[in-house]
Amino acid sequence: MRRRPTGGRVPHPRLTLAIAVLEAIATLAFAISGFIEARKNRLDSVGTFVVALATAFGGGTLRDILLERRPFYWVVHDDYVIAIFVLALFAPFVLRMLSRLSAERLLLIADAIGLGIFSISGTSIALDAEMPRFIAVMMGVITGVVGGIVRDVLCNDIPLILRDSRPYATCAFVGCWFYLLLVWLQFDSVYSVLLATGFILAARLATFKFDVRLPH
């Protein structure tokens, strides 16, 4: 059983369920982005599994280390690890059927979904541990972006967060503060998570749609 930090807020059961469902979706989304990057680098099934696993759980693991949460998220949800392992066996064959453009679009969407969900779930978990607001936001950003950084490093690429001037961590940072605003306004907890997650997802996709870039 996961040890909950003492002294934090007790999340509403609906919120706990909503975050659990969203985290499952985000885990799959980030794993898919790992599969695509592994395919681009012509990795075998073992390499594909390692990259997908690191992408899906890298941010959450660092968050758990910083918040002293044990056992780690992926240890509690070992069924997710098994699912990624099974998918890694077939992913190289399935991805061969996708054109390069389709793969890039799928990577963008999957990465944006994972970024949005994990950023907000990380912030919520930090609030449960009674972290200060700014630290809670940083925990959210870490949860959302670190998996992608590890993915790119394992694939011998400069991390996307460093080589692409389109807002990435910025979307997560602003979205996490939007979530805190909804919490402060005592908005429904589940809707707060969904709205903030949707905000980050929409913001990230909009940076590509309208070619929004940060100044150099």
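The values are calculated or read from the model by the stated rules, or taken from the named source; none is laboratory data. All of these numbers come straight from a predicted model, not from anything done at the bench. Positions of Cβ are backbone-derived with ideal geometry, glycine not excepted, and every protein chain shown enters the neighbour counts.
So that you can scan it fast, the table gives a plain yes or no per residue for (1) touching a residue at least 12 places away in the same chain (Cβ under 8 Å); (2) of a type in the set (Val, Ile, Thr); (3) touching a Ser or Thr at 6+ places or on another chain (Cβ under 8 Å):
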| position | (1), (2), (3) |
| --- | --- |
| ALA54 | yes, no, no |
| ILE65 | no, yes, no |
| PHE85 | yes, no, no |
| GLY114 | yes, no, yes |
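Taking only the stretch 86-101 into account, find how many residues are among the basic types (Lys, Arg) and either more than 16 Å from ARG42 (Cβ to Cβ) or part of a loop (DSSP other than H, G, I, E, B) (or both).
Of the stretch 86-101, the ones among the basic types (Lys, Arg) are 96, 100.
Right, trim to either more than 16 Å from ARG42 (Cβ to Cβ) or part of a loop (DSSP other than H, G, I, E, B) (or both) and you get 96.
Qualifying residue count, the stretch 86-101: 1.
Yes/no matrix, rows are residues, columns are (1) more than 24 Å from CYS171 (Cα to Cα); (2) among the hydroxyl-bearing types (Ser, Thr, Tyr):
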position: ARG39; (1), (2): yes, no
position: LEU53; (1), (2): no, no
position: ASP64; (1), (2): no, no
position: VAL86; (1), (2): yes, no
position: LEU115; (1), (2): no, no
position: SER119; (1), (2): no, yes
position: ALA136; (1), (2): no, no
position: ILE149; (1), (2): no, no
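If we scan the stretch 58-65, do we find a residue that is over 20 Å from CYS176 (Cα atoms), modelled with pLDDT of 90 or more and touching a Lys or Arg at 6+ places or on another chain (Cβ under 9 Å)?
Taking every residue of the stretch 58-65 in turn, none turns out to be over 20 Å from CYS176 (Cα atoms), modelled with pLDDT of 90 or more and touching a Lys or Arg at 6+ places or on another chain (Cβ under 9 Å).
Write out, first by first residue and then by second, each pair whose Cβ atoms fall under 7 Å of each other, whose residues are 6+ apart or on separate chains, and whose first residue, in the stretch 1-24, is among the charged types (D, E, K, R) while the second is in a helix (DSSP H, G or I) and modelled with pLDDT of 80 or more.
These pairs meet every condition: ARG2/VAL76; ARG9/LEU127; ARG9/ASP128; ARG14/SER189; ARG14/VAL190; GLU23/ILE117; GLU23/SER121.
So how many residues does the stretch 128-159 have that are without any contact (Cβ under 8 Å) to a residue 24 or more places away in the chain, closer than 18 Å to ILE32 by Cα and in a helix (DSSP H, G or I)?
Residues meeting the conditions: 1.
Pick from the stretch 134-168 the residues that are buried (at least 17 other Cβ atoms within 10 Å of the Cβ) and small (Gly, Ala, Ser): which of them is farthest from HIS216 (Cα to Cα)?
Result: ALA136.
Among LEU181, LEU214, LEU205, which is exposed (fewer than 15 other Cβ atoms within 10 Å of the Cβ) and more than 17 Å from VAL137 (Cα to Cα)? Steps first, answer last, please.
On the way: LEU181 fails: more than 17 Å from VAL137 (Cα to Cα); LEU205 fails: exposed (fewer than 15 other Cβ atoms within 10 Å of the Cβ).
Of the residues listed, the single one that is exposed (fewer than 15 other Cβ atoms within 10 Å of the Cβ) and more than 17 Å from VAL137 (Cα to Cα) is LEU214.
For the stretch 160-216, enumerate the residues that are without any contact (Cβ under 8 Å) to a residue 12 or more places away in the chain, over 18 Å from GLY147 (Cα atoms), assigned to a helix (DSSP H, G or I) and more than 15 Å from the chain's Cα centre (by Cα).
Those that are without any contact (Cβ under 8 Å) to a residue 12 or more places away in the chain, over 18 Å from GLY147 (Cα atoms), assigned to a helix (DSSP H, G or I) and more than 15 Å from the chain's Cα centre (by Cα): LEU181, TRP184, TYR191, ALA206, LYS209.
Which one is nearest to ARG69 (Cα to Cα) among residues in the stretch 89-125 that are out of contact with any helix residue (DSSP H, G or I) (no Cβ under 8 Å at 6 or more places or on another chain) and aliphatic (A, V, I, L, M)?
My answer is VAL94.
Would you call ILE36 within 17 Å of GLY147 (Cβ to Cβ), assigned to a helix (DSSP H, G or I) and over 12 Å from the mean Cα position of the chain (by Cα)? Quick ask: steps written out before the conclusion?
Numbers: within 17 Å of GLY147 (Cβ to Cβ): yes; assigned to a helix (DSSP H, G or I): yes; over 12 Å from the mean Cα position of the chain (by Cα): yes.
So ILE36 passes the test.
Being among the hydroxyl-bearing types (Ser, Thr, Tyr) and either under 30 Å from THR48 (Cα atoms) or modelled with pLDDT under 95 (or both) is the filter here, so list the residues in the stretch 156-191 that pass it. Outline the logic, then answer.
If we filter the stretch 156-191 for residues that are among the hydroxyl-bearing types (Ser, Thr, Tyr), which is where we start, we get 165, 168, 170, 179, 189, 191.
Within the stretch 156-191, SER165, TYR168, THR170, SER189, TYR191 meet the criteria.
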